[in-house]
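Okay, so here's the structure we're looking at.
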Amino acid sequence: MRSLRTIGCLLMVIAMGLAWMSGGRKPVPMKLPVPAGWPAPQYDFKKNPLTKEGFLLGRKLFYETALSRDSTISCASCHQQFGAFATYEHPLSHGIDNTLTTRNAPALENLAWEKEFMWDGGINHLDLQPLAPLTAVNEMGETIAEALHRLRRDTAYVRMFSEAFGDTAINTQRMGKALSQFLVMLVSADSKYDRVIRGKDSFLLPERLGYGIFQQKCGSCHREPLFTDLSYRNTGIPLDNTLNDYGRMRITGDRRDSLKFKVPSLRNVAITHPYGHDGRFFSLLNVFEHYRKNMIVTPLTDSILQHRLPLSNFEIGQLTAFLNTLTDTTFLKNPLFAPPGYVITPVFIHRH
Amino acid sequence: MGEGEGARGGGEVRNGEREVHGSGHDRDGGREEEVLLKEAHLVDEGDSSSLVLHLSTDLADIRRISFVVGVDSLANTGGVQGGDLDPMLGMFWTWNTGYVYARLEGESDSAHSPAHRFTWDIGGYKDPSNALRTVTLDVGAGGGSTSGGVQGRGADGKKEICITADVLKWFDGKSPVHLVRTPICHQPGALAMRIADNYSTMFSVTP
């Protein structure tokens, strides 16, 4: 009898919890986890306070195929969690109607620390970023107006926008803010490297040697802890005459920016292949070969790469060992970032 | 607002369309001035309701009007804006963040672009490609008169100031820009600024 009463009480509590969650209450604040020793985030949270409701709405939008013109593609189609939110093993992203983009989808991680987005840094605010793939004819190919129209007809979205923002209005601004709330939470800071830095783990010898070589030869551009200094650099990657992508120059109109691209973060680099702005490097070995041998050096090539980047076979081996320590499985398997209702099966569990 | 019927340089403008973002304030002749409109207003030639602005003022005697054609850098860098600045309205570059301040599109035999379509999208908020332009117009002496002058009274007794835009000024308001050579303008830069200089001369107060 007592246990029945206990169960009854528990049910009451759960029912109250549910009522509290759904009934016009204030959204529950969330906090961005800022890893120890990291710089302050760049994203302006005062204009878009993080809340549980906003995050959940953003996550639903991120996995929403109805945002594309033929309802086949979502953000997550090209930004796959198991690939650190890059496109696994695809050099160029696929759009609707058998189209291809001209660039490799970058990993989405630690975006709260970035101020400019895309390989050429053309987009100056995270809230605006999703509008580019949404409207590009070789990506999701939809108009903002039509995408919003679809969301407004979906009662789940009407409810979730209301829970996140206080009323049922669904507009461009709120869509951008909700997506940002999901995107900024994609923090990757729990790799073996991070654990070593925190004193919770130690490198194997090749990893430790590789870390030393990395700091000496790679770290000035791929700067810790983000593993990018967020600058744009010409690394001697020659123009592909089918893509004709001049990178940063397209944004600034400045010839000196020709073939400059944003320095990508190396976090989770072991699984974000292929590499380069157009995915032309299929493996890390290709990248190392590029830097030590294949670079096309011009006066516009980055000043610190004017003599290419000499790397011995030994150094390449140790560097590879170190770069593998940047894989963050906590991030790759975090169910919080998975599609609503989806449970990631941990593949590392040994089953008989 | 004027609609293009012909372009200099042997070309012809058909189906001209123009849209202007402007936020403005009216100025009295020296003693006082007042900001009459704080938000951006999108003028869309295809939407007649956007061609009339209803503003209230305490100024009795309006002699000058000033407005900005374009969107200030704050709105260009502050994320997704609402109202007439909603990127949904299409006056926005998603891939290279920034507002399109003014757009003129159409067809001309002079334009050797695909299908002879010319598209001039003008914008840019960063130096040295800033295409923001401030326009100041004299409303003229006799302002405030109830009949005859430029500030006539409409049927509802409100003052009306009619501003006309001569679309041909896009081509030669300050310096000639030819469709033959530059039928496409889709990004901030020297061409966009030249066209902005040109169209900033296109406004006049019509008696």
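The values are calculated or read from the model by the stated rules, or taken from the named source; none is laboratory data. In this text, all values refer to a predicted model and were calculated from it rather than measured experimentally. Reconstructed Cβ throughout: ideal geometry from the backbone, glycine too, with neighbour counts over all protein chains shown. Note: areas computed on protein heavy atoms with side chains; ligands, DNA, RNA excluded. Shrake-Rupley method; radii C 1.70, N 1.55, O 1.52, S 1.80 Å.
About its Cα centre, the stretch A:145-257 has a charge dipole of approximately 100 debye under the convention of +1 per Lys or Arg Cβ and -1 per Asp or Glu Cβ, with nothing else charged.
The stretch between A:Ser312 and A:Thr330, if pulled fully straight at 0.36 nm per residue, gains 3.2 nm over its current Cα-Cα span. The helix-only estimate of mean residue ellipticity at 222 nm for chain A, built from DSSP H runs of length n ≥ 4 each weighted as -39500 (n - 2.57), is -9500 deg cm²/dmol after division by the residue total. In chain A, the DSSP beta bridges split such that about 90 percent are antiparallel, to the nearest 5. Listed by chain and number, the lysines whose C-alpha is less than 25 Å from the C-alpha of B:Lys174, apart from same-chain residues fewer than 8 away, are B:Lys126. Annotation: lysines with alpha-carbon distance below 26 angstrom to A:Lys192 (same-chain offsets under eight excluded): A:Lys31, A:Lys200, A:Lys217, A:Lys262, A:Lys333. Assuming charge only on the beta carbon of Lys and Arg (+1) and of Asp and Glu (-1), the dipole of the stretch A:230-275 about its Cα centre is about 200 debye to the nearest 20. Here's the list of aspartates and glutamates a cross-link from A:Lys52 could span, going by alpha-carbon distance under 12 Å and ignoring same-chain residues fewer than 8 apart: A:Glu163. Residue-normalised convex hull volume from the C-alpha trace of the stretch B:58-100: 107 Å³ per residue. Computed from Cα positions, the angle between helix A:205-217 and the longest principal axis of chain A comes to roughly 70 degrees. Convex hull volume per residue, computed on the Cα atoms of the protein assembly as shown, equals 225 Å³. Between 0 and 90 degrees, the angle of helix A:313-323 with respect to the longest Cα principal axis of chain A falls at about 10 degrees. About its Cα centre, chain A has a charge dipole of approximately 1000 debye under the convention of +1 per Lys or Arg Cβ and -1 per Asp or Glu Cβ, with nothing else charged.
Label separation (A:Glu89 vs B:Ser56): 6.7 nm, computed from points 7 Å beyond Cα along the C-beta direction.
Straightening the chain between A:Phe282 and A:Glu224 buys 18.5 nm, computed as 0.36 nm per residue apart minus the Cα-Cα spacing.
How far is helix A:155-165 tilted off the main Cα axis of chain A, in degrees rounded to 10, range 0 to 90? With rounding to tens, the tilt is 80 degrees. The B-A contact accounts for approximately 1500 Å² of buried accessible area, totalled over both chains at a 1.4 Å probe radius. On the beta carbon distance between B:Ser175 and A:Asn244, with R0 = 35 Å, the FRET formula returns roughly 0.70. For the protein assembly as shown, with all protein chains present and a 1.4 Å probe, just round the carbon and sulfur fraction of the accessible area to a whole percent. With neighbouring chains kept in place, the figure for the protein assembly as shown is 55 percent. Spacing of the modelled spin labels on B:His186 and B:Glu160, each 7 Å from Cα toward Cβ, amounts to 4.1 nm.
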